[in-house]
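Asker: Pasting a structure here, questions to come.
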Amino acid sequence: MNEVDLEDLFRQALAAADRAYAPYSHFRVGAALLGDDGEVYTGCNVENRSFGLAICAERTAVVKAVSLGQRSFRALAIATPDSQAPVGPCGACRQVLSEFMPSDAPVCFGGGQAIQVRTTMGELLPHDSLHDLAKNL
């Protein structure tokens, strides 16, 4: 995936963050997933007054895509416009994302209006032994 594509994916994540429902934290998050089909699937965080029932932007995007029949993704962008510091996916999101993304898939995230971190799924969740086990079955 080239630089221009990641920048476009990040802009789509920023736009998704504008749709976040975050009345408690006031911390909007947007995610954009590039599917193997070439489509981009976006998601935003949706809070609930029972914080444990909130859902992250990344998982929203995955669930939306899977419900539409897409189960494999090439890249991910995450935007947190209410923070100047970059905020990567939480542990639960990393686990869910690893189910559907190869370890070499590019991941970028940033606070504010720009990408600040560029990494891969494998760097976010190293030693993903369940994928390694599945290859040997």
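The values are calculated or read from the model by the stated rules, or taken from the named source; none is laboratory data. Since the structure is predicted, the reported quantities are computational estimates derived from the model, not experimental observations. Reconstructed Cβ throughout: ideal geometry from the backbone, glycine too, with neighbour counts over all protein chains shown.
Asker: Here's a check for you: in segment 31-45, which residue that is more than 13 Å from ILE55 (Cβ to Cβ) and in contact with a strand residue (DSSP E or B) (Cβ under 7 Å, 6 or more places away or on another chain) is surrounded by the fewest Cβ atoms within 10 Å (Cβ to Cβ)? Let's see the steps before the verdict.
Answerer: Taking segment 31-45 and keeping what is more than 13 Å from ILE55 (Cβ to Cβ), we get 32-42.
Now restrict to residues that are in contact with a strand residue (DSSP E or B) (Cβ under 7 Å, 6 or more places away or on another chain): 32-36, 40-42.
Working: ALA32: 28, LEU33: 28, LEU34: 24, GLY35: 19, ASP36: 13, VAL40: 20, TYR41: 24, THR42: 21.
This residue is ASP36.
Asker: Quick check, is ALA20 closer than 20 Å to SER83 by Cα, without any contact (Cβ under 8 Å) to a residue 60 or more places away in the chain and surrounded by 23 or more Cβ atoms within 10 Å (Cβ to Cβ)?
Answerer: Working: closer than 20 Å to SER83 by Cα: yes; without any contact (Cβ under 8 Å) to a residue 60 or more places away in the chain: yes; surrounded by 23 or more Cβ atoms within 10 Å (Cβ to Cβ): yes.
Judged against the criteria, ALA20 is a match.
Asker: Within segment 92-122, take every residue that is more than 12 Å from the chain's Cα centre (by Cα) and among the aliphatic types (A, V, I, L, M) and give me the one that is modelled with the lowest pLDDT.
Answerer: So the residue we want is ALA114.
Asker: Consider only pairs whose beta carbons are under 6 Å apart and that are at least six residues apart or on different chains; among these, list those whose first residue lies in segment 82-108 and is closer than 29 Å to HIS26 by Cβ and whose second residue is assigned to a loop (DSSP other than H, G, I, E, B) and of a type in the set (Val, Ile, Thr).
Answerer: So the pair list comes out as CYS108/ILE115.
Asker: If you check every pair at least six apart or on different chains, which have Cβ atoms under 8 Å apart with a residue in segment 24-44 that is touching a residue at least 40 places away in the same chain (Cβ under 8 Å) first and a residue that is among the basic types (Lys, Arg) and not in a strand (DSSP E or B) second?
Answerer: Between residues of segment 24-44 that are touching a residue at least 40 places away in the same chain (Cβ under 8 Å) and residues that are among the basic types (Lys, Arg) and not in a strand (DSSP E or B), the close pairs are GLY30/ARG19.
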